[in-house]
Amino acid sequence: MKVAVLSGGVGGARFVRGLVDALDPADVTVIGNVGDDVEVLGLHVCPDLDSLLYALAGLNDEERGWGRAGETWHALETVSALGGEDWFRLGDLDLGLHLVRTSALRGGDPLSAVTARLAEALGVRATVLPATDDPLLTWIETAAGVFPFQEWFVARGHRDEVDGLRFEGEETAAPAPGALEAVAEAELLLIAPSNPHVSIWPILAVRALRVALADRRVPCIAVSPLIGGRAVKGPADRMLARLAGGTSPAHVAGCYEGLIDALIVDEADADDLDGLEVRPIVTQTLMTDSDARRRLAEAALTIAA
Ligand code: GDP
Ligand code: CA
């Protein structure tokens, strides 16, 4: 079965790893968020695409949740000692990838082409696409000011409550080559258990992608990133409470109005389905290990079959 999946970084990457274990990886196309991308020390960093590449290549650090296993930090220590920009954590192994990506982008290659080359070099058989090759930046509106995503998330530790979101470039961003084709050819569309507001909305901000999902002829299933109304990690629950008015499955589904046919929710949320207007699929959604990841992916695939 051919699937296309929209994904953010860590939560999404865990799920996508389960998908490629359950399917032929060649049948999986991941459309990843680029609204978090950031220029640090002259390097172009794509945190969500990198989480996907590292997870799919089996290079990710499972405990830390981001970056590479066996990472060291010598370059960053030097940066700090020299008074350089050190708020964004870049490990030595990770830096190698950013160097290659940045020089390729400087040479004029589009991000999608660079990402495809990185995936191939890492032995990743699934197709990993950025949502767009065009500039697209998530801005976070708070009482303390409006911040680019990583400044709010990393530098300020996402402590400011979010009043609103803006996706700079959304009017002009075109889907990356292959993204619309992947959606059109998919027999199943999936939205990973990523943060709806800051991981999935920036993908849907690419208008043609949102339209393609709205006009789908095959089912689209989202997986909730909340368990018992709480995020496994990060600010998704706080954002849903504030921006959507609650953290129930209905509030999660409300983030994808008109775009999904079913929502996979955790057993812990099975008694909280009031107001949910799409089909609920109740299962265990905590992806603690490879078996759990694969079971969750299979639950989505079984429903569609
Ligand atoms: P980011 O871009 O690195 O922030 O990652 P994502 O947006 O893709 O994923 C963050 C979301 O993943 C958070 O809201 C978590 O609640 C969710 N998440 C992480 N691990 C799990 C899990 O095992 N099960 C479920 N259901 N959600 C998870
Ligand atoms: Ca992210």
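The values are calculated or read from the model by the stated rules, or taken from the named source; none is laboratory data. Fair warning: this is a prediction, and the values are worked out from it, not measured in the lab. Neighbour counts are summed over all protein chains in view; Cβ atoms, including those assigned to glycine, are modelled from backbone coordinates with ideal geometry. These accessible areas exclude ligands, DNA and RNA; they are computed on the full protein's heavy atoms, side chains included. Shrake-Rupley method; radii C 1.70, N 1.55, O 1.52, S 1.80 Å.
Odds and ends about this structure:
- Inter-centroid distance (Cα atoms) of the stretch 245-268 relative to the stretch 5-40, Å: 20
- Percent of Cα-Cα distances greater than 17 Å, calculated over the stretch 141-186: 52
- For the stretch 112-119, putting each phi into the Karplus relation 6.51 cos²θ - 1.76 cosθ + 1.60 with θ = phi - 60° gives couplings of 4, 5, 4, 4, 4, 5, 4, 4 Hz, in residue order, rounded to whole numbers and with x for Gly and Pro.
- Antiparallel content of DSSP bridges confined to the stretch 1-112, in %, to 5: 45
- Among the GluC sites (Glu not before Pro) found in the stretch 38-115, those both in a DSSP coil and sparsely packed, with 10 or fewer other Cβ atoms within 10 Å of their Cβ, are GLU63.
- 37 °C / 0.692 mPa s Stokes-Einstein diffusion coefficient of the stretch 173-305, Kirkwood radius on C-alpha pairs, µm²/s: 217
- For the stretch 64-168, the set of trypsin sites (Lys or Arg not before Pro) satisfying both a DSSP loop assignment and a count of at most 16 other C-beta atoms within 10 Å is given as ARG64, ARG89, ARG125, ARG156, ARG159.
- Restricting the stretch 218-265 to trypsin sites (Lys or Arg not before Pro) in coil, as DSSP defines it, with at most 15 other Cβ within 10 Å: LYS233
- Taking the three principal axes of the alpha carbon atoms in the stretch 188-252, the coordinate ranges are 32, 20, 19 Å, sorted in descending order.
- Taking the chain and dividing mean pair separation by its residue count, relative contact order in percent (alpha carbons under 8 Å, at least six apart): 20
- The stretch 62-108: C-alpha gyration tensor shape, a/c 1.5 cut-off, then a/b vs b/c: oblate
- Accessible area of the chain divided out per residue, in Å², using a probe of 1.4 angstrom: 42
- For the chain, a Gaussian network of Cα nodes joined below 10 Å ranks ASN60, ASN33, ASN195 by mean-square fluctuation, and the top entry is ASN60.
- For the chain, the calculated P(r), taken from all Cα-Cα distances in 10 Å bins from zero up to the bin holding the longest distance, is 6, 29, 38, 22, 5, 0 percent.
- Taking amide H as placed 1.01 Å from N in the peptide plane, THR142 has its amide H under 5 Å from the amide H of PHE147, ASP163, each at least 5 places away in sequence or on another chain.
- Centre separation in Å (Cα based) which lies between the stretch 193-239 and the stretch 48-83: 25
- With Cα atoms, 0 to 90° folded angle of helix 92-106 axis to the chain main axis: 90
- When the helices of the chain are scored as -39500 (n - 2.57) per DSSP H run of n ≥ 4 and the total is divided over every residue, the value at 222 nm lands at -9500 deg cm²/dmol.
- On the chain, 50 percent of the accessible area sits on carbon and sulfur atoms, based on a 1.4 Å probe.
- With only Cα atoms counted, the stretch 1-108 has Rg and Dmax values of 15.0, 52 Å.
- Nearest-ten-degree value, helix 10-22 long axis tilted from longest Cα axis of the chain: 60
- DSSP assigns beta bridges within the chain; of those with both partners inside it, close to 40 percent run antiparallel.
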